[in-house]
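The values are calculated or read from the model by the stated rules, or taken from the named source; none is laboratory data. Since the structure is predicted, the reported quantities are computational estimates derived from the model, not experimental observations. Here the Cβ is made from the backbone with ideal geometry for all residues, glycine too, and neighbour counts use every protein chain on show.
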Amino acid sequence: MSSLKSYKFRLYPTRTQTEKLEWTLARCCELYNAALQERREMYTYTGKGTTYNAQAMQLPEIKEIREEYKQIHSQVLQDVLRRVDKAFKAFFKRVKVGKRGFPRFQGRNHYESFCYPQAGFSLENGRLELSKIGHVKIKLHRKVHGTIKTCTLKREGACWYVCFSCEVESVPRTPYTDEAVGIDLGISKLATLSTGDVIENPKHYRQAEKRLAKAQQALSRKKRGSKRRKKAVQRVARLHRKVRNQRNDYLHQWSRRLVDTYETIVFEDIAPTNLSRRARPRQDEETGKYLPNGASAKSGLNKSILDAGWSQFIAFCEYKAENAGTVQVAKVDPRMTSQVCSGCGSVVKKELSERWHSCECGTELDRDHNASINIKHRWLGRSLQETQAS
Ligand SMILES: [Zn+2]
């Protein structure tokens, strides 16, 4: 079993190369429109289209009349004709079901890519070589796995990118769904998904965290400038690194699974103000004691690690999603996500310590599960609260 995987990398062509890329793109666009024109005329007069092969056979002739087309790799030109063929096949399908909509001519600004479908390019030792264009500087921010099947050059605004479609031996993974998932980031748990799944904070991570806190205390007892203090500083730094690495490993694993499973991953937009609001300790009005709401402990170092974990997790998902190409990460306004009922939209006020969401409408859910569903709904534009208000 094998599957296709796509990669996208930024290119840094020289000025001459940029001109060549632009020029190639313009010629491809021209050829596309010419091939479309031929097919349109055929269709108008005969009621039939023509085939890809019939058009491709004219390429040598075209090159004789328009010498500049010799400067473009023949497979690139064939690929243009294949695109026209595809557009027409889609058109005939539409006609069959009684719809119209002739394939359109492409404007220069909308025709933004050309492709080497099999050959004419190579990627060796971190260098991209394109036939008829040259060695183009590429930023390989990740390793390419599998065999490159196609190489597409793409213009986006003023930038150029290359997309590789690679055949890779497929590894068993969670089935891909075109679903959106809402994610509530938590304090004791790393995250709760709108599916009800929970991502725990790993045990070893907690242990390392404790050890770090101890080392930190030990450090504060050492005299300034002493040898022992120096050692303690090193120990804290080492543990810090360890905690960070362990956390990152864990976040990498989970962000990978999310990106492999869902098409849209929705987080709360965690601005620093939201964080502090969320973690504000609550005092008992009479005794002045801090209530056990799980928030008071989240100060200082613990909190900074926690915060870093959340934004790191989102960042990992974002970058993996971008690499996957087909996955997006969205962020929504986090206000009221834990208070609104995901079932009916009414507001069910609760303290941070209340871990269960119980609504008159019959919705009974874990607090964080309810919040994650709201996060998903908010992204879907189905914020129940908004619907109610309007
Ligand atoms: Zn309800």
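Restricting attention to segment 315-329, which residues are out of contact with any Leu (no Cβ under 7 Å at 6 or more places or on another chain) and either in a helix (DSSP H, G or I) or modelled with pLDDT of 90 or more (or both)?
Taking segment 315-329 and keeping what is out of contact with any Leu (no Cβ under 7 Å at 6 or more places or on another chain), we get 315, 318-329.
ALA315, GLU318, TYR319, LYS320, ALA321, GLU322, ASN323, ALA324, VAL329 - these are the residues of segment 315-329 that are out of contact with any Leu (no Cβ under 7 Å at 6 or more places or on another chain) and either in a helix (DSSP H, G or I) or modelled with pLDDT of 90 or more (or both).
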- Any pair with Cβ under 6 angstrom, 6 or more apart, that starts in segment 62-89 at a residue that is without any contact (Cβ under 8 Å) to a residue 40 or more places away in the chain and ends at one that is surrounded by 19 or more Cβ atoms within 10 Å (Cβ to Cβ) and hydrophobic (A, V, I, L, M, F, W, C): ASP79/CYS115
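Each row is one residue, and each column tells you yes or no for (1) assigned to a helix (DSSP H, G or I); (2) under 22 Å from LEU21 (Cβ atoms); (3) touching a Ser or Thr at 6+ places or on another chain (Cβ under 7 Å).
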{"site": "THR50", "(1), (2), (3)": "no, no, no"}
{"site": "ALA54", "(1), (2), (3)": "yes, no, no"}
{"site": "GLU61", "(1), (2), (3)": "yes, no, no"}
{"site": "LEU81", "(1), (2), (3)": "yes, yes, no"}
{"site": "LYS89", "(1), (2), (3)": "yes, no, no"}
{"site": "ARG94", "(1), (2), (3)": "yes, no, no"}
{"site": "PHE102", "(1), (2), (3)": "no, no, no"}
- Note on the structure: Within segment 325-378, the count of residues that are under 16 Å from THR195 (Cβ atoms), of a type in the set (Asp, Glu) and away from the ligand (no atom under 16 Å from the Cβ) comes to 1
- Item | Single match in PHE114, PHE92, PHE105, PHE88 (criterion: modelled with pLDDT under 90 and surrounded by 18 or more Cβ atoms within 10 Å (Cβ to Cβ)) | PHE88
- Message: Cβ-Cβ distance below 7 Å, separation of 6 or more or different chains: which pairs start in segment 33-49 with a residue that is free of Cβ contacts under 8 Å to residues at least 24 places away in the same chain and exposed (fewer than 14 other Cβ atoms within 10 Å of the Cβ) and end on one that is of a type in the set (A, V, I, L, M, F, W, C) and part of a helix (DSSP H, G or I)?
- Response: LYS48/MET42
- Query: Looking only at segment 1-32, which residues are surrounded by 15 or more Cβ atoms within 10 Å (Cβ to Cβ) and of a type in the set (Phe, Trp, Tyr)?
  - Reply: TYR7, PHE9, TYR32
- With (1) within 19 Å of LEU128 (Cβ to Cβ); (2) within 32 Å of the chain's Cα centre (by Cα) as the list, and VAL84 as the residue in question, which single condition is left unmet? (1)
- In segment 144-160, anything in a strand (DSSP E or B) and either without any contact (Cβ under 8 Å) to a residue 24 or more places away in the chain or closer than 25 Å to SER255 by Cα (or both) is listed as THR147
- What pairs can you find where one residue is in segment 129-143 and in the same structural domain as PRO13 (by TED's automatic domain parsing) and under 13 Å from LEU153 (Cα atoms), the other is surrounded by 14 or more Cβ atoms within 10 Å (Cβ to Cβ) and among the aromatic types (Phe, Trp, Tyr), and their Cβ atoms are less than 6 Å apart, with a gap of 6+ or different chains? LEU130/PHE121; ILE138/PHE9
- Message: Taking the conditions exactly as written (modelled with pLDDT of 85 or more and acidic (Asp, Glu)), does ASP368 satisfy them or not?
- Response: yes
- Filtering segment 340-368 down to residues that are surrounded by 13 or more Cβ atoms within 10 Å (Cβ to Cβ) and touching a Lys or Arg at 6+ places or on another chain (Cβ under 6 Å) yields HIS357, ARG367
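Rundown of residues vs (1) in contact with a helix residue (DSSP H, G or I) (Cβ under 7 Å, 6 or more places away or on another chain); (2) among the hydroxyl-bearing types (Ser, Thr, Tyr), yes/no style:
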| site | (1), (2) |
| --- | --- |
| LYS63 | yes, no |
| GLN71 | no, no |
| ASP79 | no, no |
| ARG94 | no, no |
| PRO103 | yes, no |
| CYS115 | yes, no |
| PHE121 | no, no |
| LEU128 | no, no |
| THR152 | no, yes |
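If the requirement is being out of contact with any strand residue (DSSP E or B) (no Cβ under 8 Å at 6 or more places or on another chain) and either among the basic types (Lys, Arg) or at pLDDT below 90 (or both), which of these qualifies: THR16, THR51? Steps first, please.
Working: THR16 fails: either among the basic types (Lys, Arg) or at pLDDT below 90 (or both).
None of the others qualify; the one that does is THR51.
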